[in-house]
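> Dumping the structure here so I can ask a few things about it.
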Amino acid sequence: MIERESLADVTRAPSCPRAFARVVARAVARALIHGFFTARDILSFAARFLRALTLVDARRHSTNASTRGTTPVRAPRALGFVVRVPLARGASRGAIAKVADLASMCATHRVTHCVMYDVQGALARGRAVDALVDELARRALERGFTYVARACDAHRGGSLRVLSQSVAKELASVNARHVVIDVVGGRDACAALVEAARSADIGAAEDANASDDGRFAYKSHVERLERWMSERGSFLPPADAVIVFGETFTLDGFPPWQLHGAELYHEKSLERFTERDFNRIIDRYMHTAQRFGK
């Protein structure tokens, strides 16, 4: 029922039409609610509404938890770097020194494998090889790590040949930090995979773990290809993370076999990249939820 006092107060003030409308609407709503619903009905409806909101929120959190992924339990063991080495002699010397710095950072942080990818292949030919070997040897002595530097050879089916390595007695040290550095160019990126696809008999055996509809049959082929490359010394292990240097983000044909589970990071300048930036990327990797395509 409309409150007469409130209505009378408003009617005595014709200059307040909005206040009058609010009072009338409030009174009509109160009359309808009390006419059709009891207090118990209203409380029961509110309880059901809150319960429904709770269920929706719980489903949302469970869905997010299943798709959020998990953070890595260890620091990355294999890193890839996409760099561009200038072909000019003076500029390339500075870029090669920065590449050696990257390898040194990897060794310091217990990264056991790194791939230095240059689409032009400048790192693995000419005087750049000698310069890279000199820079790696100098940093290995300064920072106390051991290394093996290898280059991928497309003319030999992507096989990896040793460019330089630490002396054998240093490699025998248990506490030595050791890193394998693979230098890869654009022409070498897929050589091993192409050779494996041509030569490996991937259809010779049935996959015992494959389902009836064949959804997981490809896994046996993947394992067979990787085993074939490993036996012939041409296998590049998959990267945990890949850092791309350059003004624009482009992988420049980085070996696709190594990218299927990698986290990708972009840095605009190799020249200004420091160990602090390296630590920042490692920290980001350790706090990244990985879903692996899910």
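> Mind checking which residues of segment 216-253 are surrounded by fewer than 16 Cβ atoms within 10 Å (Cβ to Cβ), hydroxyl-bearing (Ser, Thr, Tyr) and either modelled with pLDDT of 90 or more or part of a loop (DSSP other than H, G, I, E, B) (or both)?
248, 250 - these are the residues of segment 216-253 that are surrounded by fewer than 16 Cβ atoms within 10 Å (Cβ to Cβ), hydroxyl-bearing (Ser, Thr, Tyr) and either modelled with pLDDT of 90 or more or part of a loop (DSSP other than H, G, I, E, B) (or both).
> Being of a type in the set (A, V, I, L, M, F, W, C), under 23 Å from residue 223 (Cβ atoms) and assigned by TED's automatic domain parsing to the domain that holds residue 96 is the filter here, so list the residues in segment 252-294 that pass it.
Residues satisfying the conditions are 254, 257, 259, 262.
> Take the residues of segment 254-277 that are over 15 Å from residue 102 (Cα atoms) and buried (at least 16 other Cβ atoms within 10 Å of the Cβ): which is modelled with the lowest pLDDT?
257
The values are calculated or read from the model by the stated rules, or taken from the named source; none is laboratory data. All values derive from a computational prediction rather than experimental measurement. Backbone-built Cβ (ideal geometry, glycine too); neighbour counts: all protein chains shown.
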